[in-house]
Structures are given as structure tokens and as C-alpha cells.
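Scroll down for the structure; my scribbles are underneath it.
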Amino acid sequence: MDSVLQGFEPISLSEMDSVSLMDRQDTKFAAPESELLAILSKLKKDYFVLDINDNRISTYSSLYFDTVDNDNYVQHHKGRSNRYKLRYRSYVESGISFFEVKFKSNKGRTIKKRIKKSKINLQLDSEDIEHLNNCSNLDPALLTASIWIDFRRITLVSKDFKERVTIDVDLTYKNISDDKNINCPGLIIIEVKQPKFTRNSVVISVLHEFKIFPMRISKYCLGIISCFKNEVKYNNFKKKILKLAKITSNDHYRDLVTT
């Protein structure tokens with residue numbers, strides 16, 4: 001993969017600031033990892049790749065928060081709009097961490113508000129609580145650390161600076177209460193982030209060539225199901241999980257829909 005990524009022109013974090021897209025339209029795709037090199041090869045003329053200290057694949061570690069009854073997950077499972085996701089996220093190579101509040105509006109927009117942190121905390125501190133109160137109606141007293149989600153990410157920026165594309169590989173989930181990693185090989189999650197959705201996108205056209213079409217998918221929901229499959233309902237997600245099992249030939253996803 002490194003040789004293919006070296007074929008892209010690089011872009012730095014500071015150069016990418018103009019396309020941060022904290023208020024955006026997201027379009028997600030699930031694809032087999034076996035197609036990744038071929039997809040990347042078709043994108044290098046039209047996209048920059050984020051390069052941090054000569055690394056073009058970045059490691060991310062995220063700690064999500066929810067209530068003990070997984071209310072934020074339940075809202076997603078029920079298809080409710082105007083819902084939240086809360087997390088710490090650490091960008092390992094750059095040494096930067098944030099506490100982030102993501103809001104999915106009833107108009108399909110994703111709005112992310114974050115504050116910089118020195119590290120990931122296992123509990124919300126006073127600064128986090130103030131930030132949460134300023135941008136949500138959630139009760140901080142009801143929130144607790146839930147799951148870890150780690151992955152590696154390739155970030156592309158269109159050369160017209162109108163969209164970002166993230167490609168997540170090597171997903172790993174872990175329940176906060178134990179040390180057991182749940183690895184999910186074979187799956188890549190691609191997210192196209194635009195100020196306003198348009199099909200006039202090179203990456204969307206390329207994905208269609210590979211018969212890869214939009215799919216609403218949440219790493220957080222997959223993580224909750226993977227870590228708490230005997231404790232949460234996920235009937236509404238079973239068709240998607242079955243599709244993931246077919247895409248990846250991964251026993252983990254197959255077990256989720258057969259047990």
C-alpha cells in the first residue's frame with residue numbers, strides 16, 4: 001500500500017485547514033479491503049494525501065462515551081435524527097487529542113465541535129463538561145466511558161479543496177471494562193465529506209465503477225454491537241451486518257447475524 005500512497009502528492013495538516021468541514025454532508029461506503037489498492041490507484045491524479053512526518057497512514061484511537069443504557073446508540077438504532085456521539089480522539093502520529101461532540105441533524109448534516117486536550121481521559125473533566133453543556137442537551141452526570149475504537153486512516157483532499165475523503169482500515173473494538181480486542185479485518189470504511197452533497201465527485205464515481213454504493217454505517221454502532229451483542233438490540237442493523245459479512249468474508253460479522 002505504501003508504494004501506491006507514495007504516488008499521491010502530499011498535503012500537510014496546516015494546508016488541510018481550509019477544508020476542515022466541521023459542518024458537512026457525509027456519505028459513507030463499506031468496501032472489501034482487497035479492492036483498496038485498485039481504488040487508490042484511480043484517485044492519485046485528483047487527490048492529495050495527508051502526510052504527517054512521512055506517514056501517509058495515520059493511527060487513530062477513540063474512546064466513546066454513552067449512558068449505562070447506551071442511549072446514544074439506541075437513538076441511532078431507532079433511526080432518530082438530532083442525535084449525538086461523544087468521544088475523545090487521539091491522532092497518534094501528530095500527538096494531538098480532542099474531546100469531540102458530533103451532532104447529526106434532522107437535515108442529514110454532521111456538525112462537529114471539539115476542544116483540544118493533552119490526552120484521552122477516562123472520565124469527563126470540568127472543561128469537557130462545559131463544552132458538552134455549550135453544544136448539547138445531554139446530561140454529563142449520566143455519561144460514562146463505553147468502548148475504544150482504534151483504526152488506521154488514509155485522508156485524501158480533492159485538488160479543488162472541495163472535499164475530504166477518509167479511508168479507515170484495521171478496525172479494532174474494545175470494551176472499556178476488559179482488555180479483549182475484537183479485530184475486524186477485511187473491511188474498509190470510506191467517508192466522503194462535502195460542504196453540500198454532490199455526485200460530481202471523482203471518488204464517488206470511482207467507487208461506483210467498483211459497484212460500491214453508499215451505505216449508512218457507524219463505526220460506533222458496530223463497536224457497541226460487537227462488544228455488547230448480548231445486551232443491546234440490533235435487529236434494525238442486521239441487514240447491514242449481513243452485507244458486511246459478505247463484503248469481508250469475516251466470521252465476526254457472520255456470527256453477529258447467526259447468533
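The values are calculated or read from the model by the stated rules, or taken from the named source; none is laboratory data. Model, not experiment: these values are computed from the prediction. Neighbour counts run over all protein chains shown; Cβ positions are idealised from the backbone, glycine included.
Applying the set (1) of a type in the set (S, T, N, Q); (2) farther than 20 Å from residue 24 by Cβ; (3) in a loop (DSSP other than H, G, I, E, B) to residue 106 leaves exactly one unmet item: (2). Would you check which residues across segment 23-56 are β-branched (Val, Ile, Thr) and modelled with pLDDT under 95 and list them? Selection gives 27, 52. Would you mind stating whether residue 228 is in contact (Cβ under 8 Å) with a residue 40 or more places away in the chain and more than 22 Å from residue 60 (Cβ to Cβ)? Criteria not met by residue 228. Of the residues 78, 107, 45, the single one that is within 28 Å of residue 210 (Cβ to Cβ) and surrounded by fewer than 18 Cβ atoms within 10 Å (Cβ to Cβ) is 45. Close contacts from segment 41-66, counting a first residue that is more than 26 Å from residue 121 (Cα to Cα) and a second that is part of a loop (DSSP other than H, G, I, E, B) and hydroxyl-bearing (Ser, Thr, Tyr), with Cβ to Cβ under 7 Å and a gap of 6+ residues or different chains, come to 51/12. Of all residue pairs spaced 6 or more apart or on separate chains, those with beta-carbon atoms under 6 Å, a first member in segment 161-176 that is without any contact (Cβ under 8 Å) to a residue 24 or more places away in the chain and a second member that is of a type outside the set (D, E, K, R) and surrounded by 17 or more Cβ atoms within 10 Å (Cβ to Cβ) are 170/151. How many of the residues making up segment 1-56 are among the basic types (Lys, Arg) and more than 29 Å from residue 100 (Cα to Cα)? Number of matching residues: 3.
Residues that are assigned to a strand (DSSP E or B), surrounded by fewer than 16 Cβ atoms within 10 Å (Cβ to Cβ) and basic (Lys, Arg): does segment 113-122 have at least one? Yes.
For the residues 143, 138, the requirement of being touching a residue at least 40 places away in the same chain (Cβ under 8 Å), crowded, with 18+ Cβ neighbours inside 10 Å and in contact with a helix residue (DSSP H, G or I) (Cβ under 7 Å, 6 or more places away or on another chain) singles out 138.
Can you list the strands (runs of 3 or more DSSP E) lying wholly within segment 1-84 that have 1 or more residues being over 27 Å from residue 115 (Cβ atoms) and under 19 Å from the mean Cα position of the chain (by Cα)? Here the list reads 23-32, 47-50. For segment 130-153, a residue qualifies if it is over 13 Å from residue 88 (Cα atoms) and either over 21 Å from the mean Cα position of the chain (by Cα) or of a type in the set (D, E, K, R) (or both), and the qualifying residues are 130, 133, 134, 137, 138, 139, 140, 141, 142, 152, 153. Evaluate segment 244-252: report whether one residue or more is more than 18 Å from residue 31 (Cβ to Cβ) and surrounded by fewer than 20 Cβ atoms within 10 Å (Cβ to Cβ). For segment 244-252, residues more than 18 Å from residue 31 (Cβ to Cβ) and surrounded by fewer than 20 Cβ atoms within 10 Å (Cβ to Cβ): present.
Residue under question is residue 29, and the condition is that it be touching a residue at least 24 places away in the same chain (Cβ under 8 Å), surrounded by 16 or more Cβ atoms within 10 Å (Cβ to Cβ), of a type in the set (Phe, Trp, Tyr) and more than 27 Å from residue 145 (Cα to Cα); does it hold? Reasoning before the result, please.
On the way: touching a residue at least 24 places away in the same chain (Cβ under 8 Å): yes; surrounded by 16 or more Cβ atoms within 10 Å (Cβ to Cβ): yes; of a type in the set (Phe, Trp, Tyr): yes; more than 27 Å from residue 145 (Cα to Cα): yes.
Spelling it out, residue 29 is indeed touching a residue at least 24 places away in the same chain (Cβ under 8 Å), surrounded by 16 or more Cβ atoms within 10 Å (Cβ to Cβ), of a type in the set (Phe, Trp, Tyr) and more than 27 Å from residue 145 (Cα to Cα).
Might you let me know whether segment 236-248 holds any residue that is hydroxyl-bearing (Ser, Thr, Tyr), at pLDDT below 90 and assigned to a helix (DSSP H, G or I)?
Of segment 236-248, the ones hydroxyl-bearing (Ser, Thr, Tyr) are 248.
Of the ones still in play, those that are also at pLDDT below 90 are 248.
Restricting the remaining residues to those that are assigned to a helix (DSSP H, G or I) gives 248.
Looking through segment 236-248, at least one residue is hydroxyl-bearing (Ser, Thr, Tyr), at pLDDT below 90 and assigned to a helix (DSSP H, G or I).
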